[in-house]
Amino acid sequence: MALITTKEMFKKAYEGGYAIGAFNISDLEQLQGVLEGAKAKNSSVIIQASKSAIEYAGPHTLVEMVKAASDEIGVDVALHLDHGPSLEAVKMCVEAGFSSVMIDGSHYDFEENVRITKEVVDYAHAHGVVVEAELGVLAGVEDEVSSDVHKYTDPDEAKEFVERTGVDSLAIAIGTSHGAFKFKGEAELKFDILEEIQAKLPGFPIVLHGASAVDQNSVATCNEFGGNIAGAKGIPVDMLRKASSMAVCKINMDTDLRLAMTAAIRKYLAENPAQFDPRKYLGAGRAAIQAVVESKIEDVLGSANSAK
Ligand code: G3H
Ligand code: 13P
Ligand code: ZN
């Protein structure tokens, strides 16, 4: 099965009032867990990999692994570069066979972000690959990019940015945050900003990063079986479901998969101390990822039965 782009997925998601899950992976078990979850719910899905995940797995290994797993499991999938740092990184992924890329120029000033994004759009579109960009800054750590404070996306700038770059989707900052430690106080998403952006860019797909809910059961299981994760906090599920019913067509989740996989592996090894077959404990991690993906599709994304 060839990798697909996100164009058709986003069009259907926008019209249907749901979002597509974009799940980060760096190994076989994570990939299979995500695809099995999508298959079980008959949902479209995006597999994404950060620069460091691509370095970990190898770009060609990733592409071939995603294609083969998508064939074997029987799910159409887009393969996306998450937080692409440069045109060179984008070129490496496009040449390897990715169907979608992100250029993250959010840490540059507006004009430089427009310039680098436009350069990537021109290159990627000439190769049949779609592009996501980012405007505004999320608090927390973004793959080798960190920020202590949110800089919410300005709706007028968002409109100008999309028109000048020709980008296919835009990640915005409305209060989400990367990682497991998102807030000290209560979560707050700026739905007024999302509404304004939607009004200025009707029909245009918006992306939310840093959207893990940080399931407290996973955190508790990690800690019960030898972990030490304190103060982890995520985005409430109902806020994310509301966003996905609006212009948000892609929701990025990585931390929730990491927590679920780690919790399952810790538990398995603690309960089976004589076991040393990696397929046993990695299999437990894979099953946990599948369960998380299925619950995201139902509770957060609303994308069940969106696959053709
Ligand atoms: O947004 C960042 C992703 O969670 C990727 O993180 O660079 O550790 O792979 P990573
Ligand atoms: P989380 O850390 O909330 O899972 O966000 C992941 C993300 O945005 C990947 O780009
Ligand atoms: Zn992100």
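If you check 255, 221 for being of a type in the set (Ser, Thr, Tyr), closer than 19 Å to residue 211 by Cα and open to solvent by 10 Å² or more (accessible area, probe 1.4 Å), only one passes: 255.
If I filter segment 24-41 for residues that are out of contact with any helix residue (DSSP H, G or I) (no Cβ under 8 Å at 6 or more places or on another chain) and surrounded by fewer than 23 Cβ atoms within 10 Å (Cβ to Cβ), do I get at least one hit? Within segment 24-41 (the criterion being out of contact with any helix residue (DSSP H, G or I) (no Cβ under 8 Å at 6 or more places or on another chain) and surrounded by fewer than 23 Cβ atoms within 10 Å (Cβ to Cβ)), the answer is no, since none of the residues qualifies.
Are any residues in segment 82-110 touching a Ser or Thr at 6+ places or on another chain (Cβ under 7 Å) and either at pLDDT below 95 or closer than 24 Å to residue 151 by Cα (or both), and if so, which ones?
Filtering segment 82-110 for residues touching a Ser or Thr at 6+ places or on another chain (Cβ under 7 Å) gives 82-83, 99-100, 103, 105.
Those that are touching a Ser or Thr at 6+ places or on another chain (Cβ under 7 Å) and either at pLDDT below 95 or closer than 24 Å to residue 151 by Cα (or both): 82, 83, 103, 105.
Filtering segment 105-142 to residues that are closer than 18 Å to residue 159 by Cα, touching a residue at least 60 places away in the same chain (Cβ under 8 Å) and under 15 Å from the mean Cα position of the chain (by Cα) leaves 132, 134.
Going through (1) open to solvent by 10 Å² or more (accessible area, probe 1.4 Å); (2) within 13 Å of ligand 1 (Cβ to nearest atom); (3) under 12 Å from residue 301 (Cα atoms) one by one, residue 18 falls short only on (2). Listed by first and then second residue, the pairs with beta-carbon distance under 6 Å, at least 6 apart or on different chains, first residue in segment 210-221 and away from ligand 1 (no atom under 16 Å from the Cβ), second open to solvent by 30 Å² or more (accessible area, probe 1.4 Å) and of a type in the set (D, E, K, R), are 221/267.
Of all residues in segment 246-268, which are more than 16 Å from ligand 1 (Cβ to nearest atom) and either over 13 Å from the mean Cα position of the chain (by Cα) or within 16 Å of residue 292 (Cα to Cα) (or both)? 246, 247, 263, 264, 265, 266, 267, 268 - these are the residues of segment 246-268 that are more than 16 Å from ligand 1 (Cβ to nearest atom) and either over 13 Å from the mean Cα position of the chain (by Cα) or within 16 Å of residue 292 (Cα to Cα) (or both). Could you grab me the full set of residues in segment 83-95 that are open to solvent by less than 10 Å² (accessible area, probe 1.4 Å) and out of contact with any Gly (no Cβ under 9 Å at 6 or more places or on another chain)? Matches in segment 83-95: 84 only.
Can you name every residue in segment 225-257 that is over 24 Å from residue 285 (Cβ atoms) and away from ligand 2 (no atom under 15 Å from the Cβ)?
Residues of segment 225-257 that are over 24 Å from residue 285 (Cβ atoms), as a first pass: 236, 238-239, 241-250.
Listed by number, the residues that qualify are 238, 241, 242, 245, 246, 247.
Here is a check on your reading of the model: is residue 81 within 20 Å of residue 299 (Cβ to Cβ) and aliphatic (A, V, I, L, M)? Spelling it out, it is not the case that residue 81 is within 20 Å of residue 299 (Cβ to Cβ) and aliphatic (A, V, I, L, M).
Kindly indicate which of 103, 46 is aliphatic (A, V, I, L, M), more than 30 Å from residue 280 (Cα to Cα) and either more than 12 Å from ligand 1 (Cβ to nearest atom) or in contact with a strand residue (DSSP E or B) (Cβ under 9 Å, 6 or more places away or on another chain) (or both).
Residue meeting the stated conditions: 103.
Across segment 228-245, which residue is farthest from ligand 1 (Cβ to nearest atom) among those that are open to solvent by less than 40 Å² (accessible area, probe 1.4 Å) and in contact with a helix residue (DSSP H, G or I) (Cβ under 6 Å, 6 or more places away or on another chain)? Write out each step before concluding.
Within segment 228-245, the first condition is being open to solvent by less than 40 Å² (accessible area, probe 1.4 Å), and the residues that meet it are 232, 234-235, 240, 243-244.
In the following step, the residues that additionally are in contact with a helix residue (DSSP H, G or I) (Cβ under 6 Å, 6 or more places away or on another chain) were identified as 232, 240, 244.
Working: 232: 14, 240: 16, 244: 18 Å.
Only one residue tops the list, namely 244.
Among the conditions (1) over 23 Å from residue 6 (Cα atoms); (2) surrounded by 19 or more Cβ atoms within 10 Å (Cβ to Cβ); (3) at pLDDT 95 or above, residue 182 misses just one, which is (3).
The values are calculated or read from the model by the stated rules, or taken from the named source; none is laboratory data. Not measured: the values here are computed from a predicted model. Every residue, glycine among them, receives a Cβ derived from its backbone with ideal geometry; neighbour counts consider all protein chains shown. Areas reflect the complete protein model, heavy atoms only, side chains present, ligands, DNA and RNA absent. Shrake-Rupley method; radii C 1.70, N 1.55, O 1.52, S 1.80 Å.
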